[in-house]
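Peer 1: Shown below is the structure under consideration.
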Amino acid sequence: MVTGAKTSVNTTAKKPVMTDLKGQTLLTLRSLNEENPASLETYIKLGGYAQLKRIVTEKVKATDIITQIKTSNLRGRGGAGFPTGLKWSFMPRYYDGTKYLVCNTDEGEPGTFKDRDIIRYNPHQLIEGMAIAAYTLGARVGYNYIHGEIWQDYDIFEAALHEAKAAGYLGENLFGSNFSFDLYAVHGYGAYICGEETALIESIEGKKGQPRFKPPFPASYGVFGKPTNVNNTESYTSIPWILQHGGQAFADLGVPNSGGTKLFSISGHVEKPGNYEVKMGMPFADLLALAGGIWKGRQLKAVIPGGPSTAVMTAEMVQNATMDYDGLSKAGSSLGAGSMIVMDDTTCMVKTLKRLSYFFYEESCGQCTPCREGTGWVYRVISRIVDGKGKMEDLDLLTDVSNNISGRTICALGDAAATPVLSFIKHFRPEFEYYITHGKSMVDGR
Amino acid sequence: MLHIEIDGKPLEVEHGSTIIDAADKVGIAIPRFCYHKKLSVAANCRMCLVQVEKFNKPLPACATPVADGMKIFTRSKAAVEAQKSVMEFLLINHPLDCPICDQGGECDLQDIAVAYGASGSRYAEEKRVVLNKNIGPLISTDMTRCIQCTRCVRFLKEVGGMQELGLVGRGEHAEITAYVDKSVNSELSGNIIDLCPVGALTNKPFRYSARSWELTRRPSIAPHDGLGSHIEVHVKDNKVMRVLPREKESINECWLSDRDRYSYVGLNSPDRLKVPMIKHNGTWVETDWKTALEFAAGQIKDITNQHGADSLGVLASPNSTMEEGYLIKQLANGLGCGNVDYRLRQTDFRLDGKRVGIPWMGCNIQEIEELDRILIIGSNLRNEHPLLAQRFRKAVANGAELSVVSPLDNDPLMKVAHKVIVRPNDMVNVLGQILKAMSGLQRLSLCLPPSLNALLETITVRPNTQAMAESLAGLAGPDGLVDLVAPKVGLFIGNMALSDPRFTEMYSMMEAIGGICGAKGGILPAAANSTGMHFMGVMPNATGMHARAMLEVPRKAYLLLNVEPELDCQHAALAKAAMAQAECVVALTAYKSEALENADVLLPIAPFTETSGTFMSMEGRVQSFSAVTKPLAECRPAWKVLRVLANTLGLDGFDFDSSEAVKNAIFKGEKPSTVVWRNLNNNLKELVEIEVNIKSDGLQRIGEVPQYESDPIVRRSVPLQKTKYNIRPMARMRAEQMAQLDLVEGDIVLATQDKGSAVLQVKLDNHVAMGCIRIAASHEQTIGLGDLMGDITIEKTSKELYKPYETTMLKVVA
């Protein structure tokens, strides 16, 4: 679908340098330990495409599959956590025309890098998951929208597509049935907003990536105005396992209301940053320990558990939390996409917020007023504070402006932009007040 | 019906309405910027946020469909808080330069800010600045004022048919812009000025010339095309400052074509004739009305006494009012002269005497939207009827299939299902093919006159005309789903066909096709009052000469009403020669120009803004208007001039003291619509002789009249002349034609028609049918040429002979 100016590309991912998989439950990254993890051969060896073949040749009923997904408690891994089985049931069953399937691999939030590893190390499981979804939902064509800046991983996924097609797992009349499914990769160009499903759809259509007003939702008006199911990469990749082991087994991996495993992208001040796939509900402390704990023997100060659009948590809030939807919600934040940013006690929260608000200022699509105007306002005020020209009333202004953005825009980017501002000021207000009074950081004195 | 409640007021609304629709209907004001009833819903400004029971977030009223039992609060604390916060956001980066902004006083942002804005701003940071764009001579931009509502973008895409503006960049860097280095060329572009809720897009010719509250707003009727758009003329100090649309859903909706909007500049042209003038020994001398009228009457009387009444030719512009048409017809009758005509750009008059009634467009303007199948014959729609084209665009968007038979393949900015692009000479044959193909279709009942049946036998139907016939019969095309039962079909014939020497045959074929498939339709007349002039009978009597004959067999004297002969007549060279040889030419005109150099008396008449009168639109609507300013200098309304001229000539029955009195005489006290409906009829009493297989392979000229050259007022509107849309006369032809003639682009050629020639530059234009050379008419550079749609020869000539064109008008202004 896309041509890049590349001369030679290595489309074979080598086994990652990953020393210790202890404590992890590899499900979406189950090929990780293999020599050529991304190859079709490896995936077949691990039992890949068996579920697709089974449901297609045995003509398993779509409703049965959706029941399994519902039982599994699989919730959307892109951040919103919407139950996948329920979403699938929204697709119109009888529709005279083409239905579409879209995979959202446009993870663009700072600290989010889990889907990248799926397409890099286990692309075939995603392809199988999408093919199963296509079978279930009656979609004829699928697109995997892969975010910009990861060209090499894009090529790996494209290579996997070719392999799968050549081997008869994609294309016309799969396994001699009348089920056909074509899957294409689409390259984004680095706009965060295209991770919003309707902006992503606009982008697939070749338009400027801007969210659509909803309703109508993609299930009734998606790609090219046709019914479309959009899920996150990790969600689709979980599907083959669920069908192999049953929805209950998947649910049992996790905790009530949060089935299965979750990939956590852990970054920041830890000894071993990276992706960690663990069972839902793992205590925060255990997950931090897997990542080697706080680096340089320092103290934990704060954690953004699910990406910058989730509220920041103080060490105190997070230490007893469990890493699942309800657990983090109870602790005062949310799971988001599982993009955990860990900050040690040398971190200046004012400067951190400046960087985060710059991200949202740059990435607002500019379509609706509160987000377009508000993100710039917030960023400028925080910058002024960091420049030592802050006023005490700025803190209330920031809170007020953020509240005015939140909940008043077409998509959730406005809410996402407001969350860090509101939570940083709420939990670390003294640090902000110090900065305003002294014109410098309480933490690093600069 | 759904039962809802807005601000405690119980309402019954239709399924599918949005909150803003429901509120608008009962007059509950919800502030908005991006929402516009005629455009798609963007929901991006967020100004219309309202509170809805059971929803924890405020919802945009423009995009939220009502549901049964919904309770909506537009003025609750939560709603107002949301609206005020949006207002605050909108203003932080707005320059607030109202004192120097043309939009001041008629600005949505300003008005809504009064209601929802704070008196001071909490924003103390740097403001965003956006560079201005040059999008052409009609619209000026101040992009820092833009609030990114995208109304302009949506208008050009949805109504204009081509997205010429877009929102590029993200977030605060988002800005409205045209394609790189391109202007906005839509012939409807001015509407984005009205749509812009701030001062980002303003009227360029009007810029900085008046504040909106200094203007007096007076209603009038657009004087150019036959649509009859309702306009509002804004006047200051007795001068027309600008023109805006007046909303009239059944005619122009809330839009206006650029021609109707910007032609007013021509009213204030330095070319305006201010006092009567008489030519004495070859030089023009200013004089008073009495002298001029007595001189004119004396000349006319002398010549008609000496050579007979038919030595006079009377030519009237179809842009004249019905009253003027009536009086000039009466005046000719009074003199016993039958040589009267308004059909200046017509060459085929074989239908005279064969019509049942007054020809018109055959349906209401609004009905176009409901058509299922459309055939347009010989019309460059966007050029001839810029705003009417938009109704066709709506029909096509609603699923109508459009077929085109034309010598020009210009993009109408809507999907064309079938088209045949051929030489004008072959168009009759193509229509014959459609007729024959239709007669072969089972679902249509066939009752053609035997003569026509015999004729069809000689025609071979080609696949594309077969497809066109099937489309018009309502059969599903290759991608259609089902055949239509009783499709609504519309057939329309345009200006190029009207000027064609075989118009009559095309018209008869169209009648026959319409008869078979039960179609509506008719002619799309060129001018504001073409239908009215026909209704008034401003045409030759049984023994009189039509417009073309009056020039071919030159008269001793001419009386011209609002005509610039070489620019307004079908055969420029003939017109020029006829005027030059005449003993006396009396011209009632608003302008003094080279085109009237051969006149002997110039009588300054008032253009439409300075007189009262009536136009009859192409749908037969009789619309009267009053003067919006006093006549300039010594100018007088033409109806008064004609009346006094008739009195001076000693004719009886001209004792009218107002244009209303003339109108009453026309309709004899009856309701105009009753009289009109009794008379409108496109049917023919008998068929004319039709020849379908013309063996002629000579080149044909396509002499369409460019939109901004169509009448004397438009020709003098400098901003319109500067637009890219204005087609300069060049010898335009397709690549194969160029190769055949051994020419390349930029070559200089001598184009020769009977009685005249012009030296022109060759230009590649693949929209032109093979065998045709497209040379724009009504232009100083082509007044040496002949028939608009006649035979032409082209030969290469030396570059020295070519004089690049400069309008005298532009020189005067510069």
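Peer 1: Compute the separation of the alpha-carbon centres of the range B:609-625 and the range B:48-119 and state it in Å as a whole number.
Peer 2: 41
Peer 1: Moving on. Under 18 Å between alpha carbons, and skipping anything fewer than 8 positions from A:LYS354 in its own chain: which lysines qualify?
Peer 2: List returned: A:LYS301, A:LYS389, A:LYS391, A:LYS426, A:LYS440.
Peer 1: Of the peptides B:124-136, A:376-388, how do they stack up when ordered by the mean number of other Cβ atoms within 10 Å, highest first? It would help to have the intermediate numbers written out before the result.
Peer 2: Numbers: B:124-136: 15.3, A:376-388: 20.9.
Highest-to-lowest ranking by the protection proxy: A:376-388, B:124-136.
Peer 1: Hey, could you grab the Kirkwood Rh for chain B? Inverse mean 1/r over distinct alpha carbon pairs, Å, one decimal.
Peer 2: Every distinct Cα pair counted, the radius reaches 28.6 Å.
Peer 1: From the residues A:MET340, A:SER329, A:ILE382, which one has its Cα farthest along the dipole of the range A:291-446 in the positive direction, the dipole being from +1 and -1 charges on Cβ of Lys/Arg and Asp/Glu about the Cα centre?
Peer 2: Going by the charge dipole, the pick is A:ILE382.
Peer 1: Can you count the Lys pairs in the range B:673-814 with C-alpha separation below 26 Å, eight or more apart or on different chains?
Peer 2: Lysine pairs, 8 or more places apart or on different chains, close enough: 20.
Peer 1: If a paramagnetic tag sat 7 Å from the Cα of B:GLU81 along the Cα-Cβ line, which residues of the range B:1-16 would have the backbone N under 20 Å from that point?
Peer 2: B:7-8
Peer 1: Using the Cα centre as the reference, give the magnitude of the dipole from point charges on the C-beta atoms of chain A (Lys, Arg: +1; Asp, Glu: -1; all else neutral), rounded to the nearest 20 debye.
Peer 2: Roughly 260 debye, rounded to the nearest 20.
Peer 1: Provide Rg over Rh for the range B:111-236; use the alpha carbon set for both Rg and the Kirkwood Rh (inverse mean inverse pair distance). Walk me through the numbers on the way to the answer.
Peer 2: Working: Rg = 16.7 Å, Rh = 16.6 Å.
Expressed as Rg/Rh, it is 1.00.
Peer 1: What does the structure give for A:400-408 when I average, per residue, the other chain Cβ atoms found within 10 Å of the residue Cβ?
Peer 2: Values: counts 3, 6, 0, 2, 7, 2, 1, 5, 11.
Rounded to a whole number, the mean comes out at 4.
Peer 1: Kindly put A:ILE44, B:ILE147 in sequence by how many other C-beta atoms sit within 10 Å of each C-beta, fewest to most. Show your work: numbers first, answer last.
Peer 2: Numbers: A:ILE44 14, B:ILE147 26.
With the fewest neighbours first, A:ILE44, B:ILE147 line up as A:ILE44, B:ILE147.
Peer 1: Here is a further query. Given labels modelled 7 Å from the Cα in the Cβ direction, how far is it in nm from B:SER40 to B:THR458?
Peer 2: For B:SER40 paired with B:THR458, the spin-label model returns 5.1 nm.
Peer 1: Further question: Using only the alpha carbons, work out the radius of gyration and Dmax of the range B:13-125 in angstrom.
Peer 2: So, for the range B:13-125, Rg and Dmax equal 15.0, 48 Å respectively.
Peer 1: Starting from the Cα gyration tensor of the range B:70-151, multiply each eigenvalue by 5, take the square root, and state the resulting semi-axes largest first in whole Å.
Peer 2: Sorted largest first and rounded, they come to 27, 16, 12 Å.
Peer 1: Can you spot the aspartates and glutamates whose alpha carbon is less than 15 Å from A:LYS296's alpha carbon? Ignore those fewer than 8 places along the same chain.
Peer 2: A:GLU271, A:ASP344, A:ASP345
Peer 1: Mind jotting down the distance between the C-alpha centroids of the range B:752-786 and the range A:427-446, whole Å?
Peer 2: 78
Peer 1: What Kirkwood Rh does the range B:627-693 have if only Cα atoms enter the pairwise 1/r average? Answer in Å.
Peer 2: Result for the range B:627-693 stands at 15.9 Å.
Peer 1: Divide by every residue of the protein assembly as shown the summed helix terms, -39500 (n - 2.57) for each DSSP H run of at least 4, and state the resulting mean residue ellipticity at 222 nm, rounded to the nearest 500 deg cm²/dmol. List each step's numbers first, then the result.
Peer 2: Working: 44 runs with 412 residues, N = 1260.
Helices in the protein assembly as shown give a 222 nm mean residue ellipticity of -9500 deg cm²/dmol.
Peer 1: Could you check the spin-label model distance between B:ASP657 and B:LYS419? Points 7 Å from the Cα along Cα→Cβ, value in nm.
Peer 2: Between B:ASP657 and B:LYS419, the simple spin-label model gives 5.8 nm.
Peer 1: For A:210-221, what's the mean count of beta carbons from other chains sitting within 10 Å of each residue's beta carbon?
Peer 2: Partner-chain Cβ atoms within 10 Å, mean over residues of A:210-221: 2.
Peer 1: May I ask you to sort B:MET143, B:MET277 by Cβ crowding, counting other Cβ atoms within 10 Å and putting the fewest first? Walk me through the intermediate numbers first.
Peer 2: Values: B:MET143 16, B:MET277 22.
Lowest count first: B:MET143, B:MET277.
Peer 1: Taking Cα centroids, how far is the range B:1-41 from the range B:291-348 in Å?
Peer 2: If we compute the Cα centre of each part, the gap is 57 Å.
Peer 1: Is there a simple number for the mean count of other chain Cβ atoms within 10 Å of the Cβ of residues in B:88-97, and what is it? Walk me through the intermediate numbers first.
Peer 2: Working: counts 8, 13, 4, 1, 7, 4, 1, 0, 0, 0.
Across B:88-97, the average partner-chain Cβ count within 10 Å equals 4.
Peer 1: Percent of Cα-Cα pairs per 5 Å bin, from 0 to the last occupied bin, for the range A:260-376, please list those.
Peer 2: 2, 12, 21, 23, 17, 12, 8, 4, 1, 0
Peer 1: Considering the Cα trace of the protein assembly as shown, what is its radius of gyration and what is Dmax, both in angstroms?
Peer 2: Gyration radius and largest Cα-Cα distance of the protein assembly as shown: 37.1, 121 Å.
Peer 1: For A:SER406, B:SER778, which order do you get if you count the other beta carbons within 10 Å of each Cβ and list the fewest first? Numbers along the way, then the final one.
Peer 2: Numbers: A:SER406 21, B:SER778 26.
The fewest-first ordering by Cβ neighbours comes to A:SER406, B:SER778.
Peer 1: What spacing in nm lies between the two simple spin-label points modelled at B:ALA397 and A:THR437, each 7 Å away from Cα in the Cβ direction?
Peer 2: With each label point 7 Å from Cα toward Cβ, the separation is 6.1 nm.
We did not get these values from a lab; they are worked out from the coordinates using the rules stated. Quick caveat: nothing in here was measured; it's all calculated off a predicted structure. Please note: Cβ atoms are built from the backbone with ideal geometry, for glycine as well, and neighbour counts cover all protein chains shown.
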